[in-house]
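Worksheet for the structure shown next.
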Ligand code: BYC
Ligand code: FE
Ligand code: FE
């Protein structure tokens with residue numbers, strides 16, 4: 001298929017020839033009103049009538065896939081776009097390595113594929129729900145626009161998974177597509193499926209940390225699914241990854257701009273001790289120790305999303321050729337892993353130890369290791385900002401055992417260096433390593449909206465360049 005060949009005229013823009021597929025088209029059109037109801041109820045609160053300067057995917061050509069324009073969010077074109085089908089693509093790993101990639105769901109892997117697609121799909125609307133009140137406290141129109149861009153694209157990611165469910169999974173796929181609109185982040189009775197997606201995103205620092213840390217889990221998981229032998233899943237996740245890059249950009253630059261403002265103000269006021277929290281807070285900026293605590297929280301919640309370090313689910317999915325490793329096609333080994341091992345950090349006999357285990361069972365751990373390395377890159381770039389101001393402070397990722405709820409370390413408490421501590425010591429230390437009530441209150445007190453074009457809240461600096469090269473005072477959102 002010509003990759004430029006996007007049908008942009010119908011209700012649902014797509015490059016999967018929906019017009020030639022009346023059954024799936026009808027199923028999606030039936031699902032559409034429920035999606036819009038969900039978006040209107042659970043999407044950005046208070047801004048549905050505003051004109052937002054958004055990019056819309058109009059092609060899957062990496063060189064020009066998006067166009068920018070003012071759109072009311074409910075009118076956004078949530079399209080179904082798959083990366084082009086590779087000629088003669090082969091399954092890159094597992095028991096079927098080297099065989100032709102599947103264009104249909106293999107019966108024996110149907111349940112496994114459906115589960116992974118549903119879990120992936122569930123996270124997308126969850127994040128929109130988590131972020132729905134943030135527009136009201138946006139530190140600038142630029143930031144507000146970025147929030148809404150992330151939100152509509154997470155909405156599109158839901159469409160991407162729903163398309164797979166409706167095209168390839170028949171009646172139970174349609175049921176799952178419905179259920180994706182029913183669950184709610186944080187709901188007691190019908191919560192979202194994974195832990196971190198039921199947490200709150202109460203303020204903009206949380207939003208930036210979430211897009212840095214949690215959208216990066218999205219990147220890693222999508223990269224692993226992009227390797228799938230089920231070709232439609234591979235193609236759809238490959239295109240989702242082009243959008244994901246912007247989400248992590250929002251997080252990295254958002255935190256970076258916050259750090260920069262803090263350092264600037266400290267320098268101006270002649271404050272040298274970054275731990276003099278009271279003095280720093282008098283300047284109306286977020287002190288570095290509080291930034292560290294926020295990072296500790298979002299990092300540890302996100303590590304839980306990799307599942308158990310040792311997992312038979314992960315082993316089966318790899319063996320089946322359904323979910324690969326990070327950039328599997330760039331790795332140089334047998335891609336079957338039946339006789340190799342991998343080092344796993346475990347909790348054994350009261351101690352944290354590293355142990356070689358069969359590589360197939362350690363795939364969640366391995367993806368998490370790749371994730372940690374990816375996070376470290378961003379944290380190092382943040383530290384460069386602090387260094388520029390000669391302030392004696394470095395942000396660091398806590399130990400992987402810190403504050404965990406899934407896997408090897410879920411039953412223990414540790415400090416940020418991974419030393420096991422008892423409950424009493426944890427209770428005493430907790431407010432030094434995770435945001436305390438008073439930290440939250442302080443951050444909340446800074447969350448005054450700034451809706452004037454070109455103006456920014458006190459606690460962060462403007463971005464270096466505008467979106468779509470727009471000038472600094474560009475009106476990214478015309479608030480209705
Ligand atoms: N919370 O064998 P295990 C994104 C369950 S983010 C609750 O270790 P597995 C995005 C697990 O389900 C990317 N439950 O599991 C980011 C299993 O339960 P059952 C989302 C959890 O399958 C920002 C049991 O524990 N995509 O896109 O190896 C904004 C045994 O666990 C959790 C994906 O995750 C948890 N954290 O690994 C918007 C990709 N962890 O079935 C979007 C698809 C584990 O035995 N999902 N459990 O009852 C997967 O690949 C895997 O399901 C997981 C879990 C990696 C999540
Ligand atoms: Fe997403
Ligand atoms: Fe994302």
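Since every read-out is calculated from the coordinates, none of them should be taken as a lab result. Given the structure is predicted, the values throughout are model-derived calculations rather than measurements. Virtual Cβ from ideal backbone geometry, glycine too; neighbours counted across all protein chains shown.
Key figures
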{"item": "Modelled FRET efficiency - R0 30 Å, residue 451 with residue 37, Cβ distances, 0.05 increments", "result": "0.60"}
{"item": "For region 307-454: Kirkwood Rh in Å [reciprocal of mean 1/r, alpha carbons]", "result": "18.6"}
{"item": "Kirkwood-based Rg to Rh ratio, region 162-252, C-alpha trace", "result": "1.02"}
{"item": "Those residues of region 447-475 whose amide nitrogen sits under 18 Å from the label point placed on residue 264, 7 Å along Cα→Cβ", "result": "447-467, 471-474"}
{"item": "For region 46-89, diffusion coefficient by Stokes-Einstein and Kirkwood Rh (Cα), 37 °C, 0.692 mPa s, µm²/s", "result": "270"}
{"item": "Span per principal axis, largest first, for the Cα atoms of region 429-480 (Å)", "result": "46, 25, 16"}
{"item": "Over the chain: helical MRE at 222 nm, DSSP H runs n ≥ 4 each giving -39500 (n - 2.57), nearest 500", "result": "-15500 deg cm²/dmol"}
{"item": "Separation between Cα centres of region 244-284 and region 78-128, rounded to whole Å", "result": "41"}
{"item": "Point-to-point label distance, residue 110-residue 136, nm (Cα→Cβ direction, 7 Å offset)", "result": "4.6"}
{"item": "Compactness index (Cα Rg / 2.2 N^0.38 Å), region 71-182", "result": "1.32"}
{"item": "Label-to-label distance, nm, for residues given as residue 333 and residue 458 (7 Å Cα→Cβ offset)", "result": "5.3"}
{"item": "Peptides ranked, highest mean first, by Cβ atoms within 10 Å: ranges 226-237, 169-180", "result": "226-237, 169-180"}
{"item": "Rounded to 5, percent antiparallel among DSSP beta bridges of the chain", "result": "90"}
{"item": "Over region 394-433: Kirkwood hydrodynamic radius from C-alpha pairwise inverse distances, Å", "result": "10.4"}
{"item": "Using alpha carbons only: equivalent-ellipsoid semi-axes of the chain, gyration tensor based, whole Å", "result": "36, 31, 19"}
{"item": "At R0 = 41 Å, FRET efficiency that the Cβ-Cβ distance of residue 470 and residue 340 yields, to 0.05", "result": "0.20"}
{"item": "The chain - percent relative contact order, Cα under 8 Å, separation 6 or more", "result": "19"}
{"item": "Inter-probe distance in nm under a simple model that places probes 7 Å from Cα toward Cβ, at residue 48 and residue 67", "result": "2.7"}
{"item": "Length added when fully stretched, residue 353-residue 427, from 0.36 nm per residue minus Cα-Cα", "result": "24.2 nm"}
{"item": "Förster radius 25 Å - calculated FRET efficiency between residue 190 and residue 26 (Cβ-Cβ, nearest 0.05)", "result": "0.40"}
